[in-house]
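Chemist: The structure's right below; bear with me while I get my questions together.
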Amino acid sequence: MFPNFDPSLFLDPEFKEDSVREVIIAPILTRLGYSPSGEDRVVRSKVLNHPFIYAGTKKLPVKMIPDYTLKSGDRVVLVLDAKQPRENVLSREAVQQVYSYAIHPEVKSEHFALCNGKQLVVFNVDQSDPILMVEYADFEKSWEEIDKYLSPRMLKEPILRRFAPDFGCALARLGLAEGAVVTLLPASFGLVARLDDKMMTASANVDFAEKPHCVSFDFERRHLPVMLSCLPGELAKAFSNALERAPFQATAELAIELDLETKLGPEIQVEAETFRPLVVQEVISSRFNPTPLANEACDIPAHVFRLRSAFVLKR
């Protein structure tokens, strides 16, 4: 991203704010997908028609204008200010200045950022601590995190940051083609849902490259009895019955562990995300894991059948 750049230049008094803009920030914004024109664009040194904000009835002047206003369509998604390497991007004055611009009525950006070359920090206007802080030495290896907080898509829909990365997409990025065989030992199921009279889908959590990923499994209904074979008869029946009536969902809450042979499915794009399901070919084995969860999910609707609420552990 910064070919032939020597970071010792950060110590050179002649390497100032304009150098940070040209050498560090410009390549980052280009890689993120921003350009001088188009849907996702950069506005340099935006001029305010009314360079002040109100705190109650008091008029407060805006003392500076950030170097970059990032827009997606007509909406400002981030303001970014460049600093020279000797300036502290976490100083109270620096943060307050960019914050005052972000909340200005003519801007109304939910996020703002500062970069002095050595550090990149990103803030949400509703939080006092940075939501992202990356050192120059980590820019390349932390690129996924930078993209997660500064890409146009993520700034337009910050809720996407809460989603774990998709396991199927990660496999595709490694070079696996659609239809490649993927064997998982084991996968712990979360939410299971009926798609139609023949197909069902389930979500699960897996660790990949030392990070939690979400994986979606699509499978034919004929596989369900084998998947539930690890459960006591009455539990298996209750779980299966929940999938036969509205809302046609049930959550296993990681109590069902499966060894599966699957194939990598096609890329699917929905409004909020892109994912690749794994299409189940064979259920190798099924195990019941009643061990209590350390953190129970709190976002499961009350009308969805919960497996862990249907049994009691006796000691």
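Chemist: Collect the residues in the range 237-261 that are closer than 14 Å to Ser203 by Cα and among the polar types (S, T, N, Q), keeping them in residue-number order.
Modeler: First, the residues of the range 237-261 that are closer than 14 Å to Ser203 by Cα: 249-258, 260.
If the condition is that a residue be closer than 14 Å to Ser203 by Cα and among the polar types (S, T, N, Q), then Gln249, Thr251 are the ones that fit.
Chemist: If a residue must be open to solvent by 30 Å² or more (accessible area, probe 1.4 Å) and touching a Ser or Thr at 6+ places or on another chain (Cβ under 8 Å), how many such residues does the range 226-262 contain? Break it down stepwise before answering.
Modeler: Applying the first criterion (open to solvent by 30 Å² or more (accessible area, probe 1.4 Å)) to the range 226-262 yields 226, 229, 232-234, 237-238, 240-241, 244-249, 254, 257, 261.
Now narrow it down to the ones that are touching a Ser or Thr at 6+ places or on another chain (Cβ under 8 Å): 226, 229, 254, 257, 261.
Here the count works out to 5.
A quick yes/no check of all residues on (1) surrounded by 14 or more Cβ atoms within 10 Å (Cβ to Cβ); (2) free of Cβ contacts under 8 Å to residues at least 60 places away in the same chain; (3) outside any strand (DSSP E or B); (4) not small (Gly, Ala, Ser):
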| residue | (1), (2), (3), (4) |
| --- | --- |
| Val23 | yes, no, yes, yes |
| Thr30 | no, yes, yes, yes |
| Lys59 | no, yes, no, yes |
| Lys71 | yes, yes, no, yes |
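Chemist: Right, next: Starting from the range 195-207, take each residue that is closer than 11 Å to Phe217 by Cβ and list its partners that are open to solvent by 50 Å² or more (accessible area, probe 1.4 Å), counting only C-beta distances under 6 angstrom and pairs at least six apart or across chains.
Modeler: Partner pairs satisfying both residue conditions: Met200/Arg194; Met200/Arg221; Thr201/Leu195; Ser203/Leu191.
Chemist: Which condition breaks for Leu9 when tested against (1) among the hydrophobic types (A, V, I, L, M, F, W, C); (2) under 16 Å from Glu87 (Cβ atoms); (3) in contact (Cβ under 8 Å) with a residue 40 or more places away in the chain; (4) exposed (fewer than 15 other Cβ atoms within 10 Å of the Cβ)?
Modeler: For Leu9, the failing item is (3).
Chemist: Here's something else I'd like to know. Scanning the range 199-225 for residues that are more than 25 Å from the chain's Cα centre (by Cα) and hydrophobic (A, V, I, L, M, F, W, C), which turns out surrounded by the fewest Cβ atoms within 10 Å (Cβ to Cβ)?
Modeler: Initially, the range 199-225 is screened for residues more than 25 Å from the chain's Cα centre (by Cα), giving 199-200, 219-225.
Cutting the leftovers down to hydrophobic (A, V, I, L, M, F, W, C) gives us 199-200, 219, 224.
Values: Met199: 12, Met200: 21, Phe219: 24, Leu224: 19.
Checked the range 199-225; the qualifying residue surrounded by the fewest Cβ atoms within 10 Å (Cβ to Cβ) is Met199.
Chemist: Which ranges mark the helices (runs of 4 or more DSSP H) fully within the range 90-198 that have 1 or more residues being exposed (fewer than 13 other Cβ atoms within 10 Å of the Cβ), modelled with pLDDT under 90 and within 21 Å of the chain's Cα centre (by Cα)? Give the steps one after another, and end with the answer.
Modeler: Working: elements: 92-102, 143-150, 152-156, 167-173.
Result: 143-150, 167-173.
The values are calculated or read from the model by the stated rules, or taken from the named source; none is laboratory data. Predicted, not measured: the structure shown is a model, and the values here were computed from it. Positions of Cβ are backbone-derived with ideal geometry, glycine not excepted, and every protein chain shown enters the neighbour counts. Calculation scope for accessible area: heavy atoms of the full protein, side chains included, ligands and nucleic acids excluded. Shrake-Rupley method; radii C 1.70, N 1.55, O 1.52, S 1.80 Å.
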